[in-house]
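Q: Pasting a structure here, questions to come.
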Ligand SMILES: NC(=O)c1ccc[n+]([C@@H]2O[C@H](COP(=O)([O-])OP(=O)(O)OC[C@H]3O[C@@H](n4cnc5c(N)ncnc54)[C@H](O)[C@@H]3O)[C@@H](O)[C@H]2O)c1
């Protein structure tokens, strides 16, 4: 069914670009926001991503592109029914965005954050309307991952949860509600596994390719954990491990020193051209 309504997406990086395409394809009008100077590049990348899709002809591509409009400022939130924040995984940045958005949203607007690991309750506390703030954790790549974690903060209302669940379903995803604890379910399980795979390389148990092949062939993982870490971004993996470590205060979540060093060296995975593997960007 073709949907109507306006979704503002704040942050036009890897996830924001995917969300914009998914929402436009489902019929929503998208207002895409990012910092000055970045939006133009994101629009070019969206166009290139659409061109590479074999299931779209030129007309289909054009229809999607026409539905995604640049929003230079958060003031344009005044036009939106829903807001999905997908900015950098940094609590200060996200809280600033939610504080600013509080000034512009209408009474019916519901706000979602795509954070992978930060507290929804904490992010919501920066807004005037914490009852309207819900976690909406899409997985990467947005177009092909079929589930969205819906995270209820301490003050999230039943109405906001229901609206965001329906939005996830209208975007073709299965919505599963979880409570607001670090890493939710997905990253509480995934990130320690990725960290342990890095420890295997660090300890000399096996090389990168061997660790990945064992998990692919032996456990039927579509990607090995180290290639997956490259895809997610090693900086994002480190930041999630640091949150799990800090919040649970348990050594089992301590980030591997090799992960720390790779991030310090700028080896962030696919986006920087090098992580555990080399990429021709
Ligand atoms: N990468 C993944 O695999 C993945 C998966 C699920 C969820 N997430 C979550 O999605 C969010 C975005 O992740 P990403 O991988 O797309 O990151 P990214 O680094 O690719 O993109 C983040 C974007 O946010 C923009 N930004 C920063 N500050 C901003 C501000 N004040 N206003 C507007 N835009 C701002 C940046 O310019 C950048 O374009 C994070 O919360 C992350 O945890 C990521």
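The values are calculated or read from the model by the stated rules, or taken from the named source; none is laboratory data. Source: prediction; values computed, not measured. A quick note on method: Cβ atoms are made from the backbone with ideal geometry, for glycine too, and the neighbour counts reach across all protein chains shown.
Q: Restricting attention to segment 103-117, does a residue exist that is in a helix (DSSP H, G or I), at pLDDT 95 or above and away from the ligand (no atom under 14 Å from the Cβ)?
A: Checked against the condition, which is being in a helix (DSSP H, G or I), at pLDDT 95 or above and away from the ligand (no atom under 14 Å from the Cβ), segment 103-117 yields no hits at all.
Q: In the set 204, 218, which member is surrounded by fewer than 16 Cβ atoms within 10 Å (Cβ to Cβ), at pLDDT 95 or above, over 18 Å from the mean Cα position of the chain (by Cα) and not in a helix (DSSP H, G or I)?
A: Selected residue: 204, the only one of 204, 218 that is surrounded by fewer than 16 Cβ atoms within 10 Å (Cβ to Cβ), at pLDDT 95 or above, over 18 Å from the mean Cα position of the chain (by Cα) and not in a helix (DSSP H, G or I).
Q: Which one is nearest to residue 233 (Cα to Cα) among residues in segment 4-39 that are near the ligand (Cβ under 6 Å from one of its atoms) and surrounded by 21 or more Cβ atoms within 10 Å (Cβ to Cβ)? Reasoning before the result, please.
A: Step one: filter segment 4-39 for residues near the ligand (Cβ under 6 Å from one of its atoms), giving 10-16, 33-35, 38.
With surrounded by 21 or more Cβ atoms within 10 Å (Cβ to Cβ) added as a condition, the list becomes 10-12, 15-16, 33-34.
On the way: 10: 19, 11: 16, 12: 16, 15: 12, 16: 15, 33: 22, 34: 19 Å.
In this case the residue turns out to be 15.
Q: A further question follows. Just give me the residues in segment 231-246 being touching a residue at least 60 places away in the same chain (Cβ under 8 Å) and either more than 13 Å from residue 275 (Cα to Cα) or more than 8 Å from the ligand (Cβ to nearest atom) (or both), in sequence order. Please lay out each step first, then the result.
A: Step one: of segment 231-246, the residues touching a residue at least 60 places away in the same chain (Cβ under 8 Å) are 231-233, 236, 239-240, 243-244.
Selection gives 239, 240, 243, 244.
Q: Further, regarding this structure: Based on this model, can you work out whether residue 206 counts as over 18 Å from residue 118 (Cα atoms) and in contact with a strand residue (DSSP E or B) (Cβ under 9 Å, 6 or more places away or on another chain)?
A: Considered against the rule, which asks whether it is over 18 Å from residue 118 (Cα atoms) and in contact with a strand residue (DSSP E or B) (Cβ under 9 Å, 6 or more places away or on another chain), residue 206 comes out as no.
Q: Moving on to the next point. Considering segment 40-71 alone, what residues qualify as being at pLDDT 95 or above and assigned to a loop (DSSP other than H, G, I, E, B)?
A: 71
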